[in-house]
Structure formats: C-alpha cells, structure tokens
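What follows draws every value from the coordinates through simple rules; no lab data is involved. In this text, all values refer to a predicted model and were calculated from it rather than measured experimentally. As a convention, Cβ positions derive from the backbone with ideal geometry for all residues, glycine included, and neighbour counts pool all protein chains shown.
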Amino acid sequence: MKTIELSSELIKLHKYEGSADKSAAVDLIKTYLEKNDLHVELISSNGVVSVIGSTKGRKENSRKIILNGHYDTVPPSDQWTVDPFDPVVKKGELWGLGACDMTCNLAAMINTAIAISKQNLSSEIILIAVGDEEVGGHNGTGATIAKGITANYAVIGEPTAMQLATGHKARLQIELTAEGKGGHAAYPQDTKNAAHTMATALVALEKEFKLKSHDHEYVFSHPTMNTTLISGGTAENVVPFQCKATIDFRLPADIKIEKFTAKLTQLLPESVKLNIQKNEPGWISDEKSEFIKTAQATLEKVTGTPISGYLHKLGASDARYYSKAGIPTINVGAGNMKLHIPDEKMQLEQLRQVEQFYTELCKKI
C-alpha cells in the first residue's frame, strides 16, 4: 500500500484508550509487515501491545536505527465537522482522527522500514509501533526498552512540521494537600479553612514561576506551572478541613528534581504537604554530534530549506525513554501540532517529504 492508503486504513480504526479497535490496529500492522517479509515480534505490557518489525537475518552486532511511532490516538470530541473515522482528502490534506498525531508519520515509518529491508544493507532498521504514547508510554516504548529492543540511534515521528527537534522539557506532576480544621461556615473563629490555605500556596507558586517572557527559548529553559485539578469541601456551608490541588510543572531537561522540590517546599505554608505523582525526565540531544549533523543535512536536502536552529519542544514524547537509555535520539515528523485538533489533518506534501527523509537518513546511517 502507498503511505496515504495505509494511513487511511489506520485512521478508520478506533484506536484511542479504552476502545476495542486497538487490537485491530495491531493486527493490521503485524499482517502488513509480515506480508512484506519483515520479522514481527509482539511485546505486551499491562494489555498494551507494541509491534516490532525488523529485517530477518541481520547479525546481532550490526548497526541499528529505531523508527518509533504510536498507533493510539486521543478520543474524538463532538466538535468534528466530518466523521473522524472516515478519512478524506481535501485540498492536498488527509483529514481524520490521528492523521497529524501521528498515524500518517507511523505509516511513513512502516513503509520506510519495508523499503530499506529490501535493499540488503548491512545495518538494521527496527520499526516500533506502540499503543499507549497518548497516556504516558510506560507500557509501550518503555516496555520495549525493558525487553531489550534498543539501537545505536532512534527517530521519533511526532509531528514537528518538518523541523528537527533535539529536546523537550521534563514533566513533574505534584499533589498538594492543605490540612485545616472543619466546622460550620457561620463560625470562622473556630475553624481553619484548608481551601484558603491552598489559595495562599497557589498564589505563592504562581508568583514564583510567572513567566517573564513568552519567547519560546525562554519558556523552554525555565520552569512553568499550571494548576490542573482542585478539590475540597463537603457542603456549601461547611468549612473544608482538607483541600487538594494537582500541579503540572514543565521543567528544563537538565534540572535536578530533588533540588527543585526542596525549593517548592520552602515556598509552601507549613500545613501544605507535597507529594510527587509523576516525574518524567526531559530529553536533550548532543546538537554537535555526527547523528544530528547527518539528520540536518538530510532534512535540508529533502525540504530544500536551510536549518538555522533546532526545535526544542515544550511537550513530552517517547524520546525521553531512549534518551534515558543513552540512545541518541531525534524527532522529525510531518504535520503541525496546531492541527492536532477537531478536524485534524495532514498535509500530503509534508507526508511525502518525511517518508523521503526517513528513507534517506536510514540509508546514510
């Protein structure tokens, strides 16, 4: 199948978390790879199945490059003006749920792996299609690395609008718990309002981490915070004895978490306790490495556009798993994340370019 056809077949499937068609996506990818003479292995972790496609007969000590993409998507919203599972081409764009993030790039990676496998090169291409990137990746990419699926280099196919991404921020999710003394709202002198204590804590944090600039590189290199959940209270006329808040921090990739959380604790009222819920590392590549230079030259040739700087992403991706494992990693994908919205779409010219990029890079590696 051509990449647009393979993309369309995958878009038709309901592949978001909790849907029944995720197994159908696994079956489609597995069958397609086997039909094209690739060796296929399935790795399952807590019900999430990853499909590994590799060339048969390669030596274990051969140079390897991973092409990693995810087949899962976010759930569709009710704001779509077309059927999200009925792919259609309009004005050079393929519309459908996951077209941008990242079904089309995954299809391009699959066809790249197949094409490279037929050229009998000395190195090995490992195609990895995972099913839980949208909900963290631990049971997808994380599980494949734990099973020994590693390589000399890795390429992530998240959409970057054909820019070369070399890093993203870390993510720290904390839960704050403010303790107080409950009672009737008519008698504040006998109570200590936990919600008010929490408000004091949140104001202090917001003041500390308020952005001094909206410049992208400034945001990339400084901590940012957002309060995402707040809960507390039992009735409208009862002073809450406890209040909880969840805060999402995005941090520079090289930040020391222990030092950062110690600073947070100093900013909080004594009656507010901090609990780390998620601590996901960032990713930053050596931008002077031969791998980055090779990727840059290849991308410039494919797009015809000189690269004056690398993309530093604010959101996370599965690149962090490879970075943590010591594998040099880049992220290049067709599509703009701003189009990862209702009526999601992929520009077909970029899709053509990204498949050419993946193919040419693999040949050079």
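Numbers below:
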| read-out | value |
| --- | --- |
| Exposure proxy ranking, count of Cβ atoms within 10 Å, fewest first, for Ser44, Ser122, Ser117 | Ser122, Ser44, Ser117 |
| The range 303-365 shape via C-alpha gyration tensor axes, a/c threshold 1.5 | oblate |
| The range 9-73: GluC sites (Glu not before Pro) falling in loop per DSSP and having at most 10 other Cβ within 10 Å | Glu60 |
| For Pro328, net neighbour charge (Lys/Arg +1, Asp/Glu -1) across residues whose Cβ lies under 10 Å away | -2 |
| The chain: angle of helix 22-35 to the longest principal axis, Cα-based, in degrees nearest 10 | 20 |
| Gaussian network model of the chain, Cα within-10 Å springs - most flexible of His138, His184, His216 | His184 |
| For Lys64, distant residues with modelled amide H under 5 Å away | Glu124, Asn152, Tyr153 |
| Cβ charges +1 (Lys, Arg) and -1 (Asp, Glu), total dipole of the chain, debye | 940 |
| Length released on extending from Gln79 to Lys278, taking residue separation times 0.36 nm less the Cα-Cα span | 68.6 nm |
| Furthest towards positive pole of dipole, Gly233, Gln266, Pro252, structure part the range 170-280, Cβ charges | Gln266 |
| Entries of Lys12/Lys301; Lys210/Lys273; Lys35/Lys324; Lys30/Lys118; Lys22/Lys313 with Cα pairs more than 26 Å apart | Lys12/Lys301; Lys35/Lys324; Lys22/Lys313 |
| Computed over the chain, Cα set: Rg, Dmax in Å | 23.2, 81 |
| For the chain, built as a Gaussian network whose Cα springs stay under 10 Å, the top-fluctuating residue of Pro188, Pro75, Pro252 | Pro188 |
| Shape category assigned to the range 1-79 from the gyration tensor of Cα positions, a/c cut at 1.5 | prolate |
| Residue range of the chain that is longest and free of trypsin sites (Lys or Arg not before Pro) which are both DSSP loop and sparsely packed (at most 16 other C-beta within 10 Å) | 289-365 |
| Degrees separating the helix 290-303 axis from the principal Cα axis of the chain, which is the longest one | 70 |
| Cα gyration tensor category, rounded, prolate or oblate, for the range 142-296 with a/c compared to 1.5 | prolate |
| Ranked Asp78, Asp101, Asp343, criterion: other C-beta atoms within 10 Å, fewest first | Asp78, Asp343, Asp101 |
| Percent antiparallel among DSSP beta bridges (both partners in the chain, rounded to 5) | 75 |
| C-alpha center-to-center spacing [the range 296-360, the range 25-44] in angstrom | 24 |
| Neighbour net charge for Tyr32 - beta-carbon separation under 13 angstrom, K R +1, D E -1 | -2 |
| Order of Thr166, Thr227 under a 10 Å beta carbon neighbour criterion, fewest first | Thr227, Thr166 |
| Nearest-ten-degree value, helix 104-117 long axis tilted from longest Cα axis of the chain | 40 |
| From phi via Karplus (6.51, -1.76, 1.60), per-residue ³J(HN,Hα) for the range 38-51 in Hz, x at Gly/Pro | 9, 6, 10, 10, 10, 10, 10, 9, 6, x, 8, 10, 9, 9 |
